[in-house]
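Worksheet for the structure shown next.
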Amino acid sequence: MLKKMPYVLSYVLPGYCLRCSSPLPPQRIFPLCTDCQELLNKYRIREKVCSLCGKPVPSESGRCLVCRERSFSFERHRSVFHYRGDFAYLYRLYKFHKHYELALYFAEVLQDTLYKSFSDIPGFSDLPLVPTPPRPGKKRRAGWDQTEHLTRRLSSYTGRRYLRILKRTGKTPQKTLDYEGRMNNIQGAFEPSVPPAKVPERCILLDDVFTTGSTLSECAETLKKSGVRRIYCLTLARD
Ligand SMILES: [Zn+2]
Ligand SMILES: [Zn+2]
């Protein structure tokens, strides 16, 4: 109940913090007060992470145990948040209750992680942003897709190119499957939506939440087949 109140208030009273309902100063561009923004920082991934998949690891050990056994088709993945607590609550307001105004805040934190995690890559400032594509019919049903929305926001926030160069073939992964199951199930789920001449040499591939990495890896595999040589992945949160 306590958790529901701020949402109800913010729904009827724009200009109030989405999390705690305190009034926001008129010049505030994020729908969160400074205290709540500070609190969200608690969920940012600041630990040492696996050099490949971005999973927090106990020490500077290079790759995590899982990535020593398997590989992904992308070069590197990083997330901004742990998918927990207040972050998960706000993300649900965005995804399921369409609080689109949160995307500007998400764009700012994504930009921060993008810079910290990938600025060593040659040609970093020109890397275009590519969203993972929604399932067929999803946009018609829901009216939008959160990953495309986030990517567009990040694109306008940073001035980077937005490229929609992937589409789903219709095969959909099962949420209940483990990594192996998902990998088998998702193979062939994507195809390029533009001819090879139109793909960039390198790109940043975006998704909202990283779970097993199978979606990003299969998208990266598809991009590589169409001529993209290096794919770097960025997600808002890690589950
Ligand atoms: Zn607040
Ligand atoms: Zn790893």
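The values are calculated or read from the model by the stated rules, or taken from the named source; none is laboratory data. Just so you know, these numbers come straight off a predicted model, no measurement behind them. Methodologically, a virtual Cβ is constructed for each residue, glycine included, from the backbone with ideal geometry; neighbour enumeration extends over all protein chains shown.
Worth pointing out:
- Only one of L32, L40 that is part of a helix (DSSP H, G or I), within 16 Å of ligand 1 (Cβ to nearest atom) and at negative phi: L40
- Exactly one residue out of R230, R202, R168, R238 is charged (D, E, K, R), modelled with pLDDT under 95 and surrounded by 14 or more Cβ atoms within 10 Å (Cβ to Cβ): that is R168.
- Selection of first residues in the stretch 46-69 that are more than 8 Å from ligand 2 (Cβ to nearest atom) and of second residues that are among the β-branched types (V, I, T), restricted to Cβ pairs under 6 Å at least 6 apart or on distinct chains, gives the following pairs, ordered by first then second residue: K48/V57; P56/V49.
- Matching entry among R92, R68, R63, R46 (being more than 16 Å from ligand 1 (Cβ to nearest atom), surrounded by 13 or more Cβ atoms within 10 Å (Cβ to Cβ) and either in a loop (DSSP other than H, G, I, E, B) or not acidic (D, E) (or both)): R63
- Checked against (1) closer than 19 Å to G137 by Cα; (2) modelled with pLDDT of 90 or more, T211 meets all criteria but (1).
- Test: residue in the stretch 215-226 that is more than 29 Å from H82 (Cβ to Cβ), surrounded by fewer than 20 Cβ atoms within 10 Å (Cβ to Cβ), at pLDDT 90 or above and touching a Gly at 6+ places or on another chain (Cβ under 9 Å): no
- Hey, H77 at pLDDT 95 or above and surrounded by 15 or more Cβ atoms within 10 Å (Cβ to Cβ) or not: yes
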